[in-house]
Amino acid sequence: MKNLLVLLSIASILLAYDEPFDPNNYKQREIRATRISKPLRVDGILDEALYQTQSVSDFIQYEPFNGAKASQKTDLWIGYDNDAIYVGARLWDTDPDSIVGRIGRRDAFLNADIFEVIIDSYHDKRSGFSFQINPAGSMRDEVYFNDSWTDDSWDGIWEGKTRIDEKGWTAEMRIPYSQLRFSDKEEYTWGILPTRYIQRAGEWDYFAYFALNESGVMSRAAELTNIQSIHPPKRREYLPYFTSGASQLPTLADNVFIEGHDTNFDLGLDTKFGIGANLTVDATINPDFGQVEADPSSINLSDHETYYSEKRPFFLEGRSIFNFGNSGPTSNMSINFSTPQFFYSRRIGRPPQGRIYQAHPDSLDKSSNTRILGAAKISGKVGDDWSVGGLAALTNREYAHYYQDGKIVDEQVEPYTSYNLLRSMKEMKDGRYGLGFIGTYTKRFINGVELFGPMDEDHNIENLLSDEAVGIGVDGWAFFGKNRDWVLGGWGGFSNVRGSESRIFSLQQNSSHYYQRPDAEHVNLDTSAHSLSGYAGRLNLNKEKGNVSFNAALGWISPGFETNDMGLTFTTDVINKHVCVGYRWLERGKYIHSARADVAYATSHDFGMVKTADVLYGMAYIKFINFWSISFDGGYSGEVLNKAALRGGPRVIEVAGPFFGVSLNSDYRKDVSMYASINTGAETDGGRSLGSSFEVSAKIGNRINISVGPSFYSSTDMNQYIRSVVDLNNTAMYGKRYVVSQLDYTEAAAEIRIEYPITPRFTMQGYFQPFIGVGKYSGFKEYAAPESNDFLMYGEDGSTIEKNDYYYSVDPTGGTDEDAFIIYDPDFNQKSLVGTLVLRWEFMPGSSMFLVWTHNGANYDHPGKFDLAEDLSALLSEQADDVFALKVSYWFGQ
């Protein structure tokens, strides 16, 4: 009996022993799906037979206590039938009254509790489809690419319902196979990553363990197995739509064509269909984008165009397939390097580029955008490891109409244009290596084409636009080390543009190239050329894992590289390199949750090996345990020679100076949160800048979201470019005078956003931006010599300058009037108020109605004088244009 007691005691001790928890045991996990005999009723009630089977559980914290067990239990079931995947989850909560559910528009990040499932149906360990839902039933979806990058422009057609009860909350999803991509097999193994976010704790729980000092998401997902005897469906979707609109345009009341008002009605069709199991074609005929948000106002004082982000749904959805040049490394840092793009979708449907000089604005009718007649794109996979994408679009020939000598004249301002793009990427050895290709081709039918109408000749457009443009690029990556600790990524490309002699001559001299620079011996301005060619590329080495970070890059863009017909090239003639090292503190402390610091050095030269940039740069970030965070950045720019300051003139000195910035974020979990930043800089010649911004976001109840973000910026540029004047006697500056001045610039603006979701499918969203930008010019002068900071101040040393009503008269030598010239008064005061209010009703999955109001007001009174109260009063009292539009679309699909 005594021996029996001893044995029982030992057994009880062994049974009571709890093996220490090790999160590394949760890195390789599996979920077995269960075939169900009939479709589930997606209602958030877990009462079907599926939920009587064994669930999977044991989620692991990613944040805030990386590697710890989840603070709340989650039970998960995966079922499937011949048509769809079903996901059910019981999200237990010991304090159900603290569950946060907010109603919001589709794809909004609402800072609520979240349940998410990411499915890698290709099982390539680099891509995935994410489906998210919060306790209030608001839905969000996105796609993963390059292992950890996301794109929320994708809108899947799927179902989801939730319920809150005394145990916590539940979620159910039905994800049709038509929303996934997979090849036909007898049995499938997919990647899967269920996650849960507990808002009040700022806690992310993952089904698989992710260490903070490692990169990647899809490559570390669990496996979904036991899916058998299903087949990829035939995918066909049709979305016809009609639009109508009415405009009140008081700013065009005197225009003889418009007379202050306009109406329109239009029809169109979007369609989507599958080719085989993995390829999808999206096509649009006569697309309409009236529901998109207005572009923000800005003042561009540089020599380059203003960049605007894409907002049109057709070009947004699936755009990641056209991502080029930065796959592989999870960090693609750039310092003083403007990476060119082979594809910039805003080129398609851009404002007509032809110029009408001889017409008064009140007798001119010119479209604000070029009509897109049709567009199509293809995306998906061929085999297991080839990703492919393609796009083709055709835009209309646009005419401007104006009165001349009592008659209406029609003049072409944009020709028929064909835009074409092909993209492919092959991934090898589970994404360890990648090799891709991109090709673009733009063709303009400048002098007409019989297919579209009678042939005609238009030398105005012929001299302004290129006939055709080609861009070709190759990119790829290679991971090194057993655990893929390092990765080398890169790309290289070639461009060729063809056109008339006058077009190519002009292209060589524009702000991207400046071949006319008199002291640039490595470029030659060719007056008889019919084409322009160039090359570019970049190599990037990045450390992917560990607390120590490292990034280095070498990039180059030759003087003749040009992708602006279908892509975007800001600047050329540059060889850029940088190296950056840093350290990450990931162990949670008493006050600090995590932190990192980096220091970098970057320098640039032109192809003549003249140094054009020299920067020492540092940055730091601290996240506190109360979820506040602060970041710093700053550095010092050394003195270099600027090849673009005189916009085609000789190089001049760009003076040195320090810069510094700091930003603060409050706890984003709270109903009221804020962001604030200050940035400042100084130059040794007296130039300076100071910018600040502040944003407050408020959540009122579980529906209304409001954010207000005022900003202020002021700067003094001692040498703002004004103009150049030919004077062959001024041999020191190669026969020209380059006029500059001091510019004191002040900007005040605000971005105001409001969202009021009545239900997750019936929402109102508003965006408004008041903007004031004022510039005052003074101290007009000219450069005395190249590669210097020496000036001739007008009004000194015998020169004269006289102010008239709208211009300045300048005599730089004070002798005869042969070298005299004028400067039109460049002072400005640009005020605008733009806004968009959108009412969206998704009355059926995929079918929606938009009611849109767009407001656009502007005022230019009091140039050179900034008075906030006076400027706001003038802006608000100014007549403004209002456009009202209705769009209804209906989805048919299977």
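The values are calculated or read from the model by the stated rules, or taken from the named source; none is laboratory data. Remember, predicted model here, so these are calculated numbers, not experimental data. Positions of Cβ are backbone-derived with ideal geometry, glycine not excepted, and every protein chain shown enters the neighbour counts. Surface accessibility is based on the protein's heavy atoms, side chains included, excluding ligands, DNA and RNA. Shrake-Rupley method; radii C 1.70, N 1.55, O 1.52, S 1.80 Å.
Could you go through the range 546-555 and let me know if any residue there is out of contact with any Ser or Thr (no Cβ under 6 Å at 6 or more places or on another chain), open to solvent by less than 60 Å² (accessible area, probe 1.4 Å) and not in a strand (DSSP E or B).
Scanning the range 546-555, I find at least one residue that is out of contact with any Ser or Thr (no Cβ under 6 Å at 6 or more places or on another chain), open to solvent by less than 60 Å² (accessible area, probe 1.4 Å) and not in a strand (DSSP E or B), so the answer is yes.
Within the range 496-521, residues that are in contact (Cβ under 8 Å) with a residue 40 or more places away in the chain and among the hydrophobic types (A, V, I, L, M, F, W, C) sit with their Cβ atoms under 6 Å from residues that are open to solvent by less than 50 Å² (accessible area, probe 1.4 Å) and part of a loop (DSSP other than H, G, I, E, B), at 6+ positions apart or across chains, in these pairs: 497/466; 497/562.
Among the residues of the range 863-894, the one identified as open to solvent by 70 Å² or more (accessible area, probe 1.4 Å), over 24 Å from residue 286 (Cα atoms) and either part of a strand (DSSP E or B) or in contact with an Asp or Glu (Cβ under 7 Å, 6 or more places away or on another chain) (or both) is 863. Restricting attention to the range 356-391 and to residues that are part of a helix (DSSP H, G or I) and not charged (D, E, K, R), the residue that is least open to solvent (accessible area, probe 1.4 Å) turns out to be 363. Inside the range 630-647, residues that are more than 18 Å from residue 791 (Cα to Cα), among the small types (Gly, Ala, Ser) and either open to solvent by 30 Å² or more (accessible area, probe 1.4 Å) or in contact with an Asp or Glu (Cβ under 9 Å, 6 or more places away or on another chain) (or both) make up a count of 3.
Reported count of residues in the range 815-855, each being small (Gly, Ala, Ser) and not in a strand (DSSP E or B), is 3. Take the conditions (1) within 25 Å of the chain's Cα centre (by Cα); (2) at pLDDT 80 or above; (3) surrounded by fewer than 18 Cβ atoms within 10 Å (Cβ to Cβ); (4) over 30 Å from residue 492 (Cα atoms); residue 301 misses just one of them, which is (2). Scanning the range 642-668 for residues being without any contact (Cβ under 8 Å) to a residue 40 or more places away in the chain and assigned to a loop (DSSP other than H, G, I, E, B) gives a total of 2.
For (1) without any contact (Cβ under 8 Å) to a residue 24 or more places away in the chain; (2) on the phi > 0 side of the Ramachandran plot; (3) small (Gly, Ala, Ser); (4) touching a Cys at 6+ places or on another chain (Cβ under 9 Å), each residue gets a yes or a no:
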{"site": "670", "(1), (2), (3), (4)": "yes, no, no, no"}
{"site": "692", "(1), (2), (3), (4)": "yes, no, yes, no"}
{"site": "699", "(1), (2), (3), (4)": "no, no, no, no"}
{"site": "705", "(1), (2), (3), (4)": "no, no, no, no"}
{"site": "717", "(1), (2), (3), (4)": "no, no, no, no"}
{"site": "722", "(1), (2), (3), (4)": "no, no, no, no"}
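Might you let me know whether the range 155-165 holds any residue that is open to solvent by less than 20 Å² (accessible area, probe 1.4 Å), touching a helix residue (DSSP H, G or I) at 6+ places or on another chain (Cβ under 6 Å) and part of a strand (DSSP E or B)? Checked against the condition, which is being open to solvent by less than 20 Å² (accessible area, probe 1.4 Å), touching a helix residue (DSSP H, G or I) at 6+ places or on another chain (Cβ under 6 Å) and part of a strand (DSSP E or B), the range 155-165 yields no hits at all.
I'd like to check something: does the range 195-203 contain any residue that is hydroxyl-bearing (Ser, Thr, Tyr), open to solvent by 10 Å² or more (accessible area, probe 1.4 Å) and closer than 23 Å to residue 27 by Cβ? No, there is no match, as no residue in the range 195-203 is hydroxyl-bearing (Ser, Thr, Tyr), open to solvent by 10 Å² or more (accessible area, probe 1.4 Å) and closer than 23 Å to residue 27 by Cβ. Which strands (runs of 3 or more DSSP E) does the range 179-250 wholly contain that include 2 or more residues that are β-branched (Val, Ile, Thr)? Output list reads 187-198, 222-228.
Return the residues of the range 333-355 that are among the β-branched types (Val, Ile, Thr) and open to solvent by less than 30 Å² (accessible area, probe 1.4 Å); say none if nothing qualifies.
Scanning the range 333-355 gives 335, 348.
Among residues of the range 662-673 being over 16 Å from residue 712 (Cβ atoms) and of a type in the set (A, V, I, L, M), the one that is most open to solvent (accessible area, probe 1.4 Å) is 672. Among the residues of the range 392-418, those identified as at pLDDT 90 or above and of a type in the set (Gly, Ala, Ser) are 392, 393, 418.
Pairing residues of the range 732-744 that are on the phi > 0 side of the Ramachandran plot with residues that are surrounded by fewer than 21 Cβ atoms within 10 Å (Cβ to Cβ), at Cβ distances under 7 Å and at least 6 apart in sequence or on separate chains, gives 734/518; 735/726; 735/727; 735/728.
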